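Input: a single structure, listed below in structure tokens.
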Amino acid sequence: MQNQFSRTELLIGKQGIEKLHNAKVAIFGIGGVGSYVVEGLTRAGIENFILVDDDKICLTNLNRQIIATRKTIGKPKVEVAKQRILEINPNANVEIYQEFFMPDSKELLDDSVSYIVDAVDTVTAKIELVVRANKLNIPIISSMGTGNKLDPTKFEVTDIYKTTICPLAKVMRKELRNRGIEKLKVVYSKEEPIKPIETEENSCKTNCVCPPGTARKCTIRNQVPGSISFVPSVAGLIIAGEVIKDIIG
């Protein structure tokens, strides 16, 4: 009998589908990368999720986040992502936490989690996720920088200590080495970052029509990275693929 995962089963078999249904993936950051991770995992058959993000959807998210539409502007990203998951697979179980994850955040992870995806922007939060994953012995994959990039073919999956060029990866290598972390699977780009073009619209503060409270991350001029639809999305789907392949072995 056909079902929504029939075509996937032709590739990974019934046992593979069962592994995905039983797995639980925690995704931190539901933005340009993270929203596509959610999409790829849901459509592949993951049925248990933890979603963590404090932000609301902003007008400037429309260019790259799959959960961002005119109808969802102003809504919490985790709530919109949960609804999208359930529209694709009503059997899914989704825990959501609308909070900004940092080292002093409460523990959201336990041994029921099969995999952790780090798609957050803050180095402090990324480091903390890796540290917690190592303590709990949970596999983790981390997204490096996707802003100010135009070539999605430059992405690679590798260990953090084999990365080059990416400024975020350089900082991560140093911080992880200082903490004795010996390895971390990452998706990163070898493309040299592009310097954003100076415009009056670089600051969401001056021209934003986002609902109050949704433009918090784009109010500081010259700190907003450029982005485009086909770069963070590719990174997110690569991450989803790595998670799926690791879970089914």
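Where a number appears in this text, it was derived from the coordinates with a stated rule and is not lab data. For clarity, every value in this text was computed on a predicted model and none was experimentally measured. Every residue, glycine among them, receives a Cβ derived from its backbone with ideal geometry; neighbour counts consider all protein chains shown.
Structure above, values below:
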{"read-out": "For GLU99, GLU107, GLU128, order by how many other beta-carbon atoms lie within 10 Å, fewest first", "value": "GLU107, GLU99, GLU128"}
{"read-out": "Proximal charge balance of VAL120 [Cβ under 9 Å; K/R count +1, D/E count -1]", "value": "-2"}
{"read-out": "Distance (nanometres) between label positions extended 7 Å along Cα→Cβ at ILE228 and VAL157", "value": "2.5 nm"}
{"read-out": "Spin-label model distance (nm) - LEU62 vs LEU10, 7 Å beyond Cα toward Cβ", "value": "3.7 nm"}
{"read-out": "Gyration tensor (Cα) of region 6-248, equivalent ellipsoid semi-axes in angstrom", "value": "27, 22, 18"}
{"read-out": "Kyte-Doolittle mean at least -1.0, axial Cα span of 18 Å or more - DSSP H helices of the chain", "value": "6-22, 123-136, 232-248"}
{"read-out": "Straight-distance crosslink candidates among aspartates and glutamates, where the alpha carbon sits under 16 Å from LYS195 and sequence neighbours closer than 8 are dropped", "value": "ASP151"}
{"read-out": "Cβ-derived FRET efficiency at R0 41 Å, LYS195 paired with ARG43, nearest 0.05", "value": "0.70"}
